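Would you mind keeping the following structure in view while I ask a few things?
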Amino acid sequence: MDVRDMKRKTKKCPKCGYEFKEISEETAIKTWHLVSPLPDKQGRITVTLMGTWKCPQCGYTIRGVISKIKVGEETRTVNRTQMLIDILRNSERITIKDIADKFNMEESTIEKAIMYLIKKGKIKGQIMNGVFIREN
């Protein structure tokens with residue numbers, strides 16, 4: 001995959017130097033998709049549309065990238081830690097049980113996470129008798 005070819009949107013024949021004016025799915029002889037096996041840092045999967053073209057001067061078949069698409073960006077959500085911080089900041093008082101039910105986790109795990117966030121200064125408040133009480 002030559003990134004420079006993608007930016008130029010033109011292809012050159014390596015045999016004779018003929019420059020293709022238009023690189024698209026319509027002008028390709030054959031097309032196929034390549035799906036990246038691993039997502040990027042944001043959790044998106046890259047789908048690459050590949051194609052082959054036949055040089056009109058020498059008949060050589062050239063292979064290359066037509067386009068790349070990132071899939072999954074629209075389904076990406078806020079991570080659980082940020083969701084927990086948002087819930088705690090928007091609630092004056094909330095029980096650990098209610099939070100655990102929202103996240104489908106054990107109460108002890110949620111309590112440990114809240115204690116960690118308080119210790120790191122991400123949220124202000126305290127836990128009393130299974131209830132998080134926010135401080136202003």
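Name the residues in region 98-108 that are surrounded by fewer than 12 Cβ atoms within 10 Å (Cβ to Cβ) and in a helix (DSSP H, G or I), would you?
The one that is surrounded by fewer than 12 Cβ atoms within 10 Å (Cβ to Cβ) and in a helix (DSSP H, G or I): Ser108.
In region 113-136, what count of residues is obtained for those that are surrounded by 11 or more Cβ atoms within 10 Å (Cβ to Cβ) and closer than 29 Å to Lys41 by Cβ?
Count: 8.
Also: Consider Ile94 carefully, then state whether it is in contact (Cβ under 8 Å) with a residue 24 or more places away in the chain, more than 20 Å from Lys11 (Cα to Cα) and in contact with a helix residue (DSSP H, G or I) (Cβ under 9 Å, 6 or more places away or on another chain).
yes
Right, something else. Are any residues in region 23-35 modelled with pLDDT under 85 and closer than 23 Å to Lys70 by Cβ, and if so, which ones?
Matches in region 23-35: Ile23, Ser24, Glu25, Glu26, Ala28.
Give the residue, chosen from Val65, Val47, Val131, that is of a type in the set (A, V, I, L, M) and touching a residue at least 60 places away in the same chain (Cβ under 8 Å).
Answer to the check: Val65.
So, one more: Select from region 13-22 the residues that are charged (D, E, K, R) and at pLDDT 85 or above and list them in ascending order.
Lys15, Glu19
Then there is this: Mind checking which pairs have a first residue in region 10-21 that is among the polar types (S, T, N, Q) and a second that is at pLDDT 85 or above, Cβ under 7 Å, 6 or more apart or different chains?
From region 10-21, the pairs are Thr10/Glu19.
Can you tell me which of (1) outside the structural domain of Asp40 (by TED's automatic domain parsing); (2) closer than 25 Å to Gln42 by Cα is the one Ile99 doesn't meet?
Against the list (1) outside the structural domain of Asp40 (by TED's automatic domain parsing); (2) closer than 25 Å to Gln42 by Cα, Ile99 comes up short only on (2).
If I filter region 76-94 for residues that are loosely packed, with under 14 Cβ neighbours inside 10 Å and either of a type in the set (Asp, Glu) or closer than 30 Å to Tyr18 by Cα (or both), do I get at least one hit?
yes
The values are calculated or read from the model by the stated rules, or taken from the named source; none is laboratory data. Note that this is a predicted model, so its numbers are computed, not measured. Cβ: placed from backbone, ideal geometry, glycine included. Neighbour counts: every protein chain shown.
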